[in-house]
Every structure is written in structure tokens, then in C-alpha cells.
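Asker: The structure that follows is given in the form of C-alpha cells.
The values are calculated or read from the model by the stated rules, or taken from the named source; none is laboratory data. Computed from a prediction, not measured in an experiment: that's the story for all the values here. FYI the Cβ positions are ideal-geometry reconstructions off the backbone, even for glycines, and counts take in every protein chain you see.
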Amino acid sequence: MRRSFLALVATGAVIIIIGLATLALWFQSELYRPYSSFPSQEIFLEIPRRANTGQIADLLVNSGILRHRLPFILYIRYKNLGRRIQAGEYRFADPATPVQVAQRLVRGDISFRSITIPEGLTAYETVELLAKNGLGDPEELEQLLFRTEWIHDLDPKARNLEGYLFPETYRFSHSVDSETVIKTMVGQFRKKISKVLHFIPRMPVGRYVVLLLLLP
């Protein structure tokens, strides 16, 4: 009876060891096996702020970037990388291993669409340039030029945003919408003008744009 029990325990132990060894081999294999199954040549994936490791793994699997979620999760937790993953939009175009994907997210290899708005463009010329570069819908962009409530405190009589789209180099995500683009440019104008208002608060609003162009 005792021998039968010991034999059963030994058999169980062997099965457990074999199972653990098999799992370890599978994990090692999956961790360094490149994979991709997204339908197009490239895919852009937004990693939200405050997303936990499990949620990020689900996004990666559902997008066809990873085959399984477990190797990615275990690697992140083993390396204690969870809090170092950076939110943002990432571009994936080639097969990648869970390790490579994790390293990109920690490195913050975020994909941006860059555009330089030169000085001297009118608001409509700026909108045309934005649309040509795929940053917003042309009709939506033009309609947004009449959102004067965004500058009402600066210029209550403004009829549109002419002169309030600050010329600069901007970086936007590939999924950015028209309103975010225009708001960002107006926000940059407000940021710059706040420096002017600090020193010469009584200057007529109509002269702000000219003065801003002279600032470094």
C-alpha cells in the first residue's frame, strides 16, 4: 500500500515536472518567435494612458501584433517593466517577437506625423496644407476656422481664426481628428501670446500676431 502510494506520488511529480518543462519550452519559444497577422502592410495601435499590462496585451493580440498574451505579460512582469510602458500611437509593419514589442513600448518608439506650418500662410492656405498631408478632413478644417469662441477672450470681434494658427512644426498621431489639429495650433498661439501679455498686457490684440512673428 505504502509502495503504491509512493509510486503514485512519484508518477505525479514526474508528470508535473514534464508539464513545467514543456510550458517553459513553449514560453521560451513563443517569447522569441516573430509574429504578425494584421491585414494590411502596417498597423497603428494606440496604447492608452494608465492601461495595465493585461489590457495592453489584449490590444496587441486583437490587433494581430502578438499571437498569445501570456508570454508578453510574463516577460513584462518578470522584467518589472509595467510602469515603464509609454502611452501613445505605435506603428507596426514587420513581424515582431513579444520581447521586441515590449522593448518598443518601454522605449517609447511612438509614431508621429510631422508637419511644418511656414510663416505667412493664411488660415485657408494652412488648412489646405494640413489636408494635403492627411491631417484632417478639408471641409471640417474649414468649418473649424469659425470656432471663434476659442479666442473670444483675446479678440471678441474676431470673425474667424485668421492669424491665430501659430506657424511651427507640429507632431500629430496618425489618427488625429480635425478639431484636435486646429485646437493644437490655436493653443500654441495662446501659449506664445501669454509671454507677450505678461509684459505688455495693454497692447491691442490686433498687433499680437505681428509681434509673435518677431519672437525667437
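Asker: So which residues in region 138-166 are surrounded by 14 or more Cβ atoms within 10 Å (Cβ to Cβ), free of Cβ contacts under 8 Å to residues at least 24 places away in the same chain and part of a loop (DSSP other than H, G, I, E, B), if there are any at all?
Answerer: Answer for region 138-166, where residues must be surrounded by 14 or more Cβ atoms within 10 Å (Cβ to Cβ), free of Cβ contacts under 8 Å to residues at least 24 places away in the same chain and part of a loop (DSSP other than H, G, I, E, B): just Ala158.
Asker: Condition first: under 12 Å from the mean Cα position of the chain (by Cα) and either buried (at least 17 other Cβ atoms within 10 Å of the Cβ) or in a helix (DSSP H, G or I) (or both). Now tell me which residues in region 89-101 satisfy that.
Answerer: Looking only at region 89-101, we keep the residues that are under 12 Å from the mean Cα position of the chain (by Cα), and these are 89-91.
Passing the criteria: Glu89, Tyr90.
Asker: With respect to Leu135, determine if the residue is over 23 Å from the mean Cα position of the chain (by Cα), crowded, with 18+ Cβ neighbours inside 10 Å and not acidic (Asp, Glu).
Answerer: Working: over 23 Å from the mean Cα position of the chain (by Cα): no; crowded, with 18+ Cβ neighbours inside 10 Å: yes; not acidic (Asp, Glu): yes.
Criteria not met by Leu135.
Asker: Which condition breaks for Leu81 when tested against (1) more than 30 Å from Leu141 (Cβ to Cβ); (2) loosely packed, with under 13 Cβ neighbours inside 10 Å; (3) not acidic (Asp, Glu)?
Answerer: (2)
Asker: Taking Arg190 as the residue in question, decide whether it is part of a helix (DSSP H, G or I) and more than 23 Å from the chain's Cα centre (by Cα).
Answerer: So Arg190 fits the description; yes.
Asker: What is the number of the single condition among (1) modelled with pLDDT of 70 or more; (2) surrounded by 14 or more Cβ atoms within 10 Å (Cβ to Cβ) that Thr169 does not meet?
Answerer: Only one criterion in (1) modelled with pLDDT of 70 or more; (2) surrounded by 14 or more Cβ atoms within 10 Å (Cβ to Cβ) is unmet by Thr169, namely (2).
Asker: Do any residues in region 22-43 that are under 15 Å from Gly64 (Cβ atoms) have Cβ atoms under 9 Å from those of residues that are modelled with pLDDT under 85, where the two are at least six apart or on different chains, and which pairs are they?
Answerer: Ile43/Ser36
Asker: Going through Ile65, Ile73 one at a time, which residue ends up being closer than 26 Å to Phe172 by Cβ and β-branched (Val, Ile, Thr)? Let's see the steps before the verdict.
Answerer: Working: Ile73 fails: closer than 26 Å to Phe172 by Cβ.
Criteria check complete, one pass: Ile65.
Asker: Any idea which of Arg104, Arg113 is surrounded by 13 or more Cβ atoms within 10 Å (Cβ to Cβ), basic (Lys, Arg) and at pLDDT below 90?
Answerer: Being surrounded by 13 or more Cβ atoms within 10 Å (Cβ to Cβ), basic (Lys, Arg) and at pLDDT below 90 holds for just one of Arg104, Arg113, which is Arg113.
Asker: Out of the residues in region 36-70 meeting the condition of being of a type in the set (S, T, N, Q), at pLDDT 90 or above and assigned to a loop (DSSP other than H, G, I, E, B), tell me which one is farthest from Asp94 (Cα to Cα).
Answerer: Among them, the one singled out is Asn52.
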